[in-house]
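The values are calculated or read from the model by the stated rules, or taken from the named source; none is laboratory data. The shown structure was predicted, so the numbers you read here are calculated from the model rather than taken from an experiment. Methodologically, a virtual Cβ is constructed for each residue, glycine included, from the backbone with ideal geometry; neighbour enumeration extends over all protein chains shown.
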Amino acid sequence: MTYERIDPEPDPFEVAVARFRNEGGKGLNITLPFKERAFALADCQTARARAAGAANTLEFRDGQVFADNTDGVGLVRDLVQNQRFMLQQKNILLLGAGGAARGVMLPLLAEQPARLVVANRTAARAIAILADLKASCTVAGDLMRRAEACGLEAIPAVPFDVVLNATSSSLTGAVPEVPQGVFGPRSLAYDMMYGQGLTPFLRLAQAHGAPYLADGLGMLVEQAAESFYLWRHVRPMTAAVLQQLRAELG
Ligand code: ATR
């Protein structure tokens, strides 16, 4: 088996996918900025890909293209299995309303939190992604009622058990302007970005007293493991991979 990085350019993404398939490729992981186009070109999409409106995994099988999205499951597995942080009956704050936030809402709700607040700098985008989720998918009404959307300034001033950063703010060294009170003495702050040392968001959370800090490296590894499972029906062990990547990041 070989697994390599492919840059589709200068061809259109769809042309590059078709060529890979014709050459005998079995499946692909898709990263930014092509996840929506991967979703659109597939013949069948899983519920979690539909909820995300984007695919990070394609599989060529039985003459068809199947699209899935393992990002949200990767996040949940990192939280629950690697961080040992259960989400049932917890208050979750999800910051951001781009593709990254959208991709994880359904799997987070499936964990049955007490409350999921989706908050974004542009409130209308948070409201829109929640409305899309309600319209598109199979979440039970009871679970859906636990989700709400607002602007950053309207975040309820209570400590959340988990504060997830799904904004791209860390890329520019910025942080989302959240009310200080969202971090409590038992909060886990989780940045879906990763890098060497603490991200700006994790430094903010630490300064505001959050005792548990995690970046998105575990999510990266777990979403990849889930994709591998889809293609090969074997679930890879992730701990050693995560350890090695962490060591390489320094
Ligand atoms: P992605 O698909 O990676 O999520 P995106 O669709 O460009 O990327 O979305 C980026 C997200 O980060 C948005 O929620 C954006 O907020 P707006 O919708 O208000 O633009 C958020 N974001 C980026 N920089 C930010 C910052 N400095 N503070 C707060 N939110 C920020």
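Structure notes:
- Selection count, segment 176-190, where residues are charged (D, E, K, R) and under 14 Å from Pro211 (Cα atoms): 1
- Unique residue being of a type in the set (Val, Ile, Thr), under 28 Å from Lys90 (Cβ atoms) and not assigned by TED's automatic domain parsing to the domain that holds Met193 when the list is Thr31, Thr46, Thr2: Thr46
- Counting the residues of segment 173-205 that are more than 22 Å from Gly74 (Cα to Cα) and under 19 Å from the mean Cα position of the chain (by Cα) gives 3.
- Residue match in segment 106-124 (condition: surrounded by fewer than 17 Cβ atoms within 10 Å (Cβ to Cβ), within 10 Å of the ligand (Cβ to nearest atom) and under 13 Å from Ala52 (Cβ atoms)): no
- Scanning segment 171-210 for residues that are within 21 Å of Ala247 (Cα to Cα) and either within 13 Å of the ligand (Cβ to nearest atom) or small (Gly, Ala, Ser) (or both) turns up Asp191, Met192, Met193, Gly195, Gly197, Thr199, Pro200.
- Screening Ala97, Ala123 for residues that are touching a residue at least 12 places away in the same chain (Cβ under 8 Å), more than 24 Å from Asn56 (Cβ to Cβ) and aliphatic (A, V, I, L, M) leaves exactly one candidate, Ala123.
- Options Ala100, Ala131: the member that is crowded, with 22+ Cβ neighbours inside 10 Å, more than 22 Å from Gly184 (Cβ to Cβ) and either within 13 Å of the ligand (Cβ to nearest atom) or assigned by TED's automatic domain parsing to the domain that holds Ser168 (or both): Ala100
- Of all residues in segment 149-170, those satisfying the criterion of being over 21 Å from Met86 (Cβ atoms) and more than 8 Å from the ligand (Cβ to nearest atom) are Ala149, Cys150, Gly151, Glu153, Ala154, Ile155, Pro156, Ala157, Ser170.
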